[in-house]
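No value in this document is a laboratory result; all are computed from the given coordinates. Keep in mind it's a predicted model, so treat the numbers as computed, not measured. Note that we place each Cβ from the backbone using ideal geometry, even for glycine, and neighbour counts take in every protein chain shown.
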């Protein structure tokens, strides 16, 4: 029921009006809704319309399969089988096999989505830029990124197939994603460190990170992105057609006889079963870290809150990293006085598994935006407050409106403080909200229709370095 203007009543009768007494509140926005931009096997909705460059929200891997298909079948898989027989009876005494893949497909969207969901991921967006028959192209990926700008809900951007591009093209694409984040101020970008090194460089952690800092020359708005290294070897199985798998069988060291997995299925059951087992156990997709990290972000946000650093968390469905990182190497990754570009490590620890062991943005030398959790917490509060104050657009710019807005935002920040998102023994130590004439606005501001609110927050920061100090104590008794 709408409120009646009592001074405008002219007709005799009884009039009822409802007076709102509850204050407005801030509805918190979602914080971990990634957008995967890349190539898919298909891109059709239920009625057959194309979903190419149409950001589409999904909730599960099954839903991804429904709209975008499965992973493409891998080509170039072969199995070398060595058989040893008894020289007298000709009975098989031993049989070994080694599976190899010449060049895995650069299209890894399906495996990336699976990795995301297995690491705690939830709702996400898929931006299909074309079929997997196309080569990975920076221009097509950029069109997908442009299409994403019109969608409000996504908060994370990643390109799972980006490492298939040349370094300059991939980092240029990342730069455009950061531009979008800085413009919209409601999203964050993942950077997968490119593994391609100059020909003369030795492929190790130090040269890879140094090459990244040189090749990724951007210096502005770096707090809207975080880089992770190295790639992850997953426990997934490749999809393939048995007719496309070459089997090379060598008996007692003789020249190998080439066949296909499909053709030996009925005639050489033992060899066939051995080949199937070796393909499953020896070959698996190696993925960039960003899909798993998107899942980790979602899991940590849901269980602890966006203010908790997404680190010291195990990565699921991974048996090995592509590069073993030492403490000394991570020290150089974590801090760099020259470029300031921090790179977060994913490391294997004895007895603990593979853990995310870094929580910095690319703006690693900034005291304000050094940490991923601080940057993303401010994004969440800024976007939530922005949406909540939309209700006050064109309201009278007077003390009544100022009090409502201030009370609404203070209530919201008090709830965050109670959850542990803000540092301080009392709410007034943790945040402030200012709004009013002579406080945040001048009379000229009010004449020009500007209502200005100032919010300050003491965000909690991660304990990145825990220092234990020990000393001898003299005997006292």
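Observations
- By other beta-carbon atoms within 10 Å, ranking 360, 461 with the fewest at the front produces 461, 360.
- Its DSSP H runs of at least 4 residues, each contributing -39,500 (n - 2.57), put the calculated 222 nm mean residue ellipticity of the chain at -9000 deg cm²/dmol, to the nearest 500.
- Rounded, prolate or oblate (a/c below 1.5 giving rounded, otherwise prolate when a/b exceeds b/c) for the chain by Cα gyration tensor: prolate
- Taking only the Cα atoms of region 40-176, the ratio Rg/Rh comes out at 1.18, with Rh defined as the Kirkwood radius.
- Length gained on full extension, residue 475 to residue 335: 46.2 nm, using 0.36 nm per residue less the C-alpha separation.
- Rounded to 5, the percent of DSSP beta bridges in the chain classed as antiparallel: 60 percent
- Cα-derived Rg to Rh of region 103-187, Kirkwood definition: 0.95
- Relative contact order (percent, whole number), the chain, Cα cutoff 8 Å, 6+ residue spacing: 17 percent
- Ordered by the number of other Cβ atoms lying within 10 Å of each residue's own Cβ, fewest first, 126, 37 fall into the sequence 126, 37.
- Dividing the C-alpha radius of gyration of region 393-477 by 2.2 N^0.38 Å, with N its residue count, gives 1.79.
- Zone of residue 93's modelled label, taken as backbone nitrogen in region 241-275 under 19 Å from a point 7 Å along Cα→Cβ: 250-255
- Listed from fewest to most Cβ neighbours within 10 Å, the set 240, 116 follows the order 240, 116.
- Quarter of the Cα convex hull surface for region 400-447, i.e. its orientation-mean projected area (nm²): 3.7 nm²
- Label-to-label distance for residue 255 and residue 466 is 6.5 nm, based on points extended 7 Å past Cα in the beta-carbon direction.
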